[in-house]
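Visitor: Below are the structure tokens for one structure; questions will follow.
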Amino acid sequence: MSTLISLKNIRKIYTVGLEKVHALDGVDLTINHNEYISVMGPSGSGKSTLMNMIGCLDTPTSGQYEFEGELVHKMDDNQLASIRNRKIGFVFQTFNLLPKLTALHNVELPLIYANVIRKERLKKAREALEKVGLQDRMHHRPNELSGGQRQRVAIARALVTNPAIILADEPTGNLDSKSGDEIMQVLDSLFELGNTIILVTHEEYIAKHAHRTINLFDGKISKDTRTK
Amino acid sequence: MIRLLLENFQIAVTAIVGGKIRALLTALGIVIGILSVTLMGTLISGLDQSFEKSMSFLGRDVFFLSRFEWFGGQEWWEVRNRPKFKLDYVDKLKEQGKRIETVAPVMERGLDVSRGEESVVGVRIFGTTPEYQRTTVVNIKHGRFITEGEVRSGSRHAVIGWDIADGLFGNENPIGKDIKLGNHRFTVIGVVEKQGKFLGLFSLDNQVVIPIGTYQRLFARRGWMRMNVKVDADHVNEAEDEVRGIMRRLRGLHPQEKDNFAINRQEAFRKQYNMIKYAIGGTGIFITVLSLLVGGIGIMNIMFVSVKERTREIGVRKAIGATRNMILGQFLLEAVLICVLGGAIGMGLAWGASFFIDKFIPSTMPVWLAIISVSLSVVVGVIAGLIPSYKAANMNPIEALRYE
Ligand SMILES: Nc1ncnc2c1ncn2[C@@H]1O[C@H](COP(=O)(O)OP(=O)(O)O)[C@@H](O)[C@H]1O
Ligand SMILES: [Mg+2]
């Protein structure tokens, strides 16, 4: 298995007033292609910060971040936007769909920024929605969909650019357990298809879907276990 | 790049359509601004056209000598005591003025003109000489103008304006037929082609021209006379000095005495007209700038609100790969679109209003005005949208995503 991501001694320090918060405090982490990882830890331990860092939404205060050999910590804003667009698929706890757009157009969105022509975009968006089992809900707006369906639209949006990694920060946190299970089935199947997935969760039974679990505590990796 | 622009266009349209009424209300300032600039432009271009047309009746190289200045300044009592013009000035001016090409004496009064039962009231009767034709525009449609011989003999021949021919004769040919000026019988020898109104004030087609000798004999031997003096078109200003010199000599004025006559020129109208034009233009520009300013501030405000409301959307767009410039472009385009929409409404209203104006002053909306209006709207949109868009573009995606 080849290396996808390599974090070396990553620190993220927030200054709140006079206090310095070490959200990430020297994280070393290597992630290979087609891994399925869950991240666990108490609230405030730095899980979201780590996900944002990996997702190139945030830059480290210090340390080295390589993504497929490219030095992310040295990238400017436009390069970060480009790598987010091409290589990373985000799934958020609160779905973050655009309320005025239909499922199809929400899924199409990343391809607009990737400068793909309309016809191609719609084709890919349809395919992505089919993968998450929403082919018959394409023209619904988010408020016409259930929570589980919304999250599946969000996953389709994350998928549509065929990214190198899918980052899901508590994707089932806002869902009932049945919808949560559906989402996990979708993620499992994506993993089977060869995707790399990182997933933040509080729930042990959700974490078990992954093949490797990373535990965070006070901004440090306290445990890194391969479970399968 | 073009494709992105198109996408942004769609996003902007969706955003505007989503908040139609609010957007329209904020665009009201732009609507009024563009309305006023286009109305003003239409009005001025219409005024210009009719002014120039009217001015063609007062040639640039013709002086209108009379007791009064066209656009006052002098005390009434002073003007009232000025001597009258005499017919023998005509020959003296012609003889002594090197730059004078011709002189036509003109006497004028109002009178009713009739033929049998038909009559036209309030007609201007002009007594003059054949030279009159060279000092203004008189295009003969039928027949001919008066002759030197008719002036000398004082014959009862008349050249009538279009409205009179129309009113008294309809489809009949008036040449050789008799009409009555007041109680005096005249024979029509010519009809002047239709000329329209002078500055929209009075009709040039409601006139009758007769030989000056006849005029003096029948209507007023000692009435007011004025002179149309046509001069060398290449030396108009020198000619004015010359005419003034001759007139002062004829009047026997000492050097320290003021002129007791007036040399009127087209220029006087032009000056007056320009003052009106600048007043209209100034007012229009003032209203335009003010409305665009207010409108622009309104747009800026609504854009700030829009950016704030869509903070999460901005976060999402950034997370899925929108760059700063794409976000900037999206919001800028939205602001520009609102402004252009407002501008288009303003132009539409102005276009409608121009038909109304057209009833009083013939005018059409010039194309360059439309171009200026659109450009103005775009500029206002860019300026008003710049700061809010910049704010949107520079949002931190993580904070934007967390925004409630
Ligand atoms: N923008 C920020 N400014 C200040 N402190 C922050 C900011 N983001 C996160 N933190 C702090 O960093 C720590 C880690 O936060 P986070 O990564 O969100 O934790 P988790 O997702 O594990 O709950 C917390 O103490 C949090 O308060
Ligand atoms: Mg978190």
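The values are calculated or read from the model by the stated rules, or taken from the named source; none is laboratory data. Computed from a prediction, not measured in an experiment: that's the story for all the values here. Glycine gets a Cβ as well: all are built from the backbone with ideal geometry, and neighbour counts include every protein chain shown. Keep in mind that these areas ignore ligands, DNA and RNA; they rest on the heavy atoms of the full protein, side chains included. Shrake-Rupley method; radii C 1.70, N 1.55, O 1.52, S 1.80 Å.
Visitor: Going through region A:27-56 one residue at a time, which ones are within 14 Å of another protein chain (Cβ to nearest Cβ) and either at pLDDT below 95 or under 19 Å from A:Thr201 (Cβ atoms) (or both)?
Guide: To start, the set of residues in region A:27-56 that are within 14 Å of another protein chain (Cβ to nearest Cβ) comprises A:46-56.
The answer is A:Gly46, A:Lys47, A:Ser48, A:Thr49, A:Leu50, A:Met51, A:Asn52, A:Met53, A:Ile54, A:Gly55.
Visitor: Go over the candidates A:Arg118, A:Arg86 one by one and state the one that is open to solvent by 10 Å² or more (accessible area, probe 1.4 Å), more than 16 Å from ligand 2 (Cβ to nearest atom) and either under 20 Å from A:Leu199 (Cβ atoms) or in contact (Cβ under 8 Å) with a residue 24 or more places away in the chain (or both).
Guide: Going through A:Arg118, A:Arg86 in turn, the sole match is A:Arg86.
Visitor: Oh, and also: Being over 29 Å from A:Arg84 (Cα atoms), in a helix (DSSP H, G or I) and more than 11 Å from every other protein chain (Cβ to nearest Cβ) narrows it down to one residue among B:Phe331, B:Phe356; which is it?
Guide: Result: B:Phe356 is the single residue among B:Phe331, B:Phe356 that is over 29 Å from A:Arg84 (Cα atoms), in a helix (DSSP H, G or I) and more than 11 Å from every other protein chain (Cβ to nearest Cβ).
Visitor: I'm trying to understand the selection: among the residues of region B:300-316, which are open to solvent by 10 Å² or more (accessible area, probe 1.4 Å) and either away from chain A (no Cβ under 14 Å) or closer than 14 Å to B:Leu4 by Cα (or both)?
Guide: If the condition is that a residue be open to solvent by 10 Å² or more (accessible area, probe 1.4 Å) and either away from chain A (no Cβ under 14 Å) or closer than 14 Å to B:Leu4 by Cα (or both), then B:Met300, B:Asn301, B:Ile302, B:Phe304, B:Val305, B:Lys308 are the ones that fit.
Yes or no, residue by residue, for (1) closer than 20 Å to A:Ser6 by Cβ; (2) within 16 Å of ligand 2 (Cβ to nearest atom):
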residue: A:Lys178; (1), (2): no, no
residue: A:Glu192; (1), (2): no, no
residue: A:Thr196; (1), (2): yes, no
residue: A:Glu203; (1), (2): no, yes
residue: A:Ile206; (1), (2): no, yes
residue: A:His211; (1), (2): yes, no
residue: A:Asn215; (1), (2): yes, yes
residue: A:Gly219; (1), (2): yes, yes
residue: A:Thr227; (1), (2): no, no
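Visitor: So, one more: Test A:Ala125 against the criterion of being away from chain B (no Cβ under 11 Å), under 30 Å from B:Leu6 (Cβ atoms) and either touching an Asp or Glu at 6+ places or on another chain (Cβ under 8 Å) or open to solvent by less than 40 Å² (accessible area, probe 1.4 Å) (or both), and give yes or no. Before the answer, list the steps.
Guide: Values: away from chain B (no Cβ under 11 Å): yes; under 30 Å from B:Leu6 (Cβ atoms): yes; either touching an Asp or Glu at 6+ places or on another chain (Cβ under 8 Å) or open to solvent by less than 40 Å² (accessible area, probe 1.4 Å) (or both): yes.
So A:Ala125 fits the description; yes.
Visitor: Would you pick out the residues in region B:261-275 that are open to solvent by less than 30 Å² (accessible area, probe 1.4 Å) and not in a helix (DSSP H, G or I)?
Guide: Within region B:261-275, B:Phe261, B:Ala262, B:Ile263, B:Asn264 qualify.
Visitor: Please enumerate the residues belonging to region A:189-228 that are open to solvent by less than 10 Å² (accessible area, probe 1.4 Å) and either basic (Lys, Arg) or under 28 Å from A:Val132 (Cβ atoms) (or both).
Guide: Hits for region A:189-228 are A:Leu190, A:Thr196, A:Ile197, A:Ile198, A:Leu199, A:Val200, A:Thr201, A:Ile206, A:Ala207, A:Ala210, A:Ile214.
Visitor: Test each condition in (1) open to solvent by less than 20 Å² (accessible area, probe 1.4 Å); (2) farther than 30 Å from B:Met300 by Cα; (3) not in a strand (DSSP E or B) for B:Thr38 and report the one that comes out false.
Guide: (2)
Visitor: Any residue in region A:201-228 that is within 28 Å of A:Ile13 (Cβ to Cβ) sitting within a Cβ distance under 9 Å of a residue that is in a strand (DSSP E or B) and acidic (Asp, Glu)? List the pairs, counting only those 6 or more apart or interchain.
Guide: A:Arg212/A:Asp224; A:Thr213/A:Asp224; A:Ile214/A:Asp224; A:Asn215/A:Asp224; A:Asp218/A:Asp25; A:Gly219/A:Asp25; A:Lys220/A:Asp25; A:Ile221/A:Asp28
Visitor: Hey, another quick one. Suppose we filter region B:213-253 for residues that are within 30 Å of B:Lys180 (Cα to Cα) and open to solvent by less than 50 Å² (accessible area, probe 1.4 Å); how many remain?
Guide: Of the residues in that region, 11 qualify.
Visitor: Here is a list of conditions, (1) away from ligand 2 (no atom under 16 Å from the Cβ); (2) within 14 Å of another protein chain (Cβ to nearest Cβ); (3) without any contact (Cβ under 8 Å) to a residue 24 or more places away in the chain; (4) part of a helix (DSSP H, G or I), and A:Leu80 meets all of them except one; can you say which number that is?
Guide: (3)
Visitor: Any residue at all in region B:135-142 that is open to solvent by 20 Å² or more (accessible area, probe 1.4 Å) and either under 24 Å from B:Arg249 (Cα atoms) or polar (S, T, N, Q) (or both)?
Guide: Within region B:135-142, one or more residues are open to solvent by 20 Å² or more (accessible area, probe 1.4 Å) and either under 24 Å from B:Arg249 (Cα atoms) or polar (S, T, N, Q) (or both).
Visitor: Okay, next question. If you take the residues in region A:128-161 that are in a helix (DSSP H, G or I), open to solvent by 70 Å² or more (accessible area, probe 1.4 Å) and more than 27 Å from A:Ile83 (Cα to Cα), which one is farthest from the other protein chains (Cβ to nearest Cβ)?
Guide: Filtering region A:128-161 for residues that are in a helix (DSSP H, G or I), open to solvent by 70 Å² or more (accessible area, probe 1.4 Å) and more than 27 Å from A:Ile83 (Cα to Cα), the one farthest from the other protein chains (Cβ to nearest Cβ) comes out as A:Asp136.
Visitor: Among the β-branched types (Val, Ile, Thr), part of a helix (DSSP H, G or I) and in contact with a helix residue (DSSP H, G or I) (Cβ under 8 Å, 6 or more places away or on another chain): is that true of B:Val120 in this structure?
Guide: No; evaluated as a whole, the condition is false for this residue.
Visitor: Here's something else I'd like to know. Take A:Leu167 and decide whether it is within 26 Å of B:Glu313 (Cβ to Cβ), within 14 Å of chain B (Cβ to nearest Cβ) and within 16 Å of ligand 1 (Cβ to nearest atom). I'd like the intermediate steps shown before the answer.
Guide: Working: within 26 Å of B:Glu313 (Cβ to Cβ): yes; within 14 Å of chain B (Cβ to nearest Cβ): yes; within 16 Å of ligand 1 (Cβ to nearest atom): yes.
Here the answer is yes, as A:Leu167 does meet what is asked.
Visitor: If a residue must be surrounded by fewer than 18 Cβ atoms within 10 Å (Cβ to Cβ) and either more than 8 Å from ligand 1 (Cβ to nearest atom) or charged (D, E, K, R) (or both), how many such residues does region A:1-21 contain?
Guide: We begin by selecting, within region A:1-21, every residue surrounded by fewer than 18 Cβ atoms within 10 Å (Cβ to Cβ); these are A:1-3, A:6, A:8-9, A:11, A:13-21.
With the extra rule that they be either more than 8 Å from ligand 1 (Cβ to nearest atom) or charged (D, E, K, R) (or both), the set shrinks to A:1-3, A:6, A:8-9, A:11, A:13, A:17-20.
Number satisfying all stated conditions: 12.
Visitor: Another question, then. Counting only residues that are closer than 30 Å to B:Lys359 by Cα, give me the strands (runs of 3 or more DSSP E) lying completely in region B:175-242 with at least 1 of them.
Guide: B:184-192, B:207-211
Visitor: Only one residue in B:Phe126, B:Phe145 is of a type outside the set (D, E, K, R), in a loop (DSSP other than H, G, I, E, B) and either surrounded by 14 or more Cβ atoms within 10 Å (Cβ to Cβ) or in the same structural domain as B:Arg185 (by TED's automatic domain parsing) (or both), so which one is that? Even if it seems obvious, please write down each step before you answer.
Guide: Details: B:Phe126 fails: in a loop (DSSP other than H, G, I, E, B).
Testing whether each residue is of a type outside the set (D, E, K, R), in a loop (DSSP other than H, G, I, E, B) and either surrounded by 14 or more Cβ atoms within 10 Å (Cβ to Cβ) or in the same structural domain as B:Arg185 (by TED's automatic domain parsing) (or both) leaves just B:Phe145.
Visitor: Looking at (1) out of contact with any strand residue (DSSP E or B) (no Cβ under 8 Å at 6 or more places or on another chain); (2) in the same structural domain as B:Asp241 (by TED's automatic domain parsing); (3) open to solvent by 80 Å² or more (accessible area, probe 1.4 Å), which is the only condition B:Gln49 fails?
Guide: The failed condition is (2).
Visitor: Please indicate, with yes or no, whether at least one residue in region A:57-67 is of a type in the set (Asp, Glu), touching a residue at least 12 places away in the same chain (Cβ under 8 Å), buried (at least 17 other Cβ atoms within 10 Å of the Cβ) and assigned to a loop (DSSP other than H, G, I, E, B).
Guide: yes
Visitor: To continue, here is another question. Strands (runs of 3 or more DSSP E) wholly in region A:1-43 with at least 3 residues that are more than 22 Å from A:Arg226 (Cβ to Cβ) and within 16 Å of ligand 2 (Cβ to nearest atom) - which ones? Write out each step before concluding.
Guide: Details: elements: A:3-16, A:19-32, A:36-40.
Here the list reads A:19-32.
Visitor: For region A:162-174, name all the residues that are assigned to a loop (DSSP other than H, G, I, E, B) and either within 16 Å of ligand 2 (Cβ to nearest atom) or without any contact (Cβ under 8 Å) to a residue 12 or more places away in the chain (or both).
Guide: Hits for region A:162-174 are A:Asn162, A:Glu170, A:Pro171, A:Thr172, A:Gly173, A:Asn174.
Visitor: While we're here: Just checking, which of A:Val107, A:Val72, A:Val91 is more than 11 Å from chain B (Cβ to nearest Cβ) and crowded, with 19+ Cβ neighbours inside 10 Å?
Guide: Exactly one residue qualifies, and that residue is A:Val72.
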